[in-house]
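Here's the structure we're looking at; comments come further down.
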Amino acid sequence: MTTSTTNRKQRTITLSRRAPVKIWEDEWPIAAQATGDSYRGGDHGGYQRALSNAEFDKYRLVVRVHADGRAIVYGKLSAAIEEWGQPARGASWGGGEILPAGSDLAAAISRVGGDGGLPDSLIRECIADLPAEEI
């Protein structure tokens, strides 16, 4: 008799103006996401060096939707390292919202991204990654 175990992954999500939540990732699949960074160099080698030295900001916006229609929209800003190996003061951020079924996900992405000071291009990219609406 063969038995298999599923390794479920639990994730803690930081939210805005309320306590964090813990979810099972398989119950809250990603419906849309966008990632980016503030690197403005032109070469791959320079990017890899900057990445390993944390010389630029990294951004992420994620939308997860439960089978019952509830959604979580959250974002994260990982600040670049300034002098002496310390993160830029006050620049790191994490936050998000839990939304009831049927909520306007694009509006929530805009709110969460705006609250975190994330780039408009990242917000637009995440909205564009949402499943298309059939009209």
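What the table shows:
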read-out	value
Summed residue charge, Cβ within 15 Å of residue 102's Cβ, Lys/Arg positive, Asp/Glu negative	-3
Length gained when the stretch residue 18-residue 121 is fully extended (0.36 nm per residue, less Cα-Cα span)	34.4 nm
Which of 23, 123, 135 has the fewest Cβ neighbours within 10 Å, and the rest in rising order	135, 23, 123
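A short reminder: the numbers here are calculations on the coordinates, not readings from a lab. Treat the numbers as computed from the prediction; the structure is a model and nothing was measured. Positions of Cβ are generated from backbone atoms using ideal geometry, with glycine treated the same way; all protein chains shown enter the neighbour counts.
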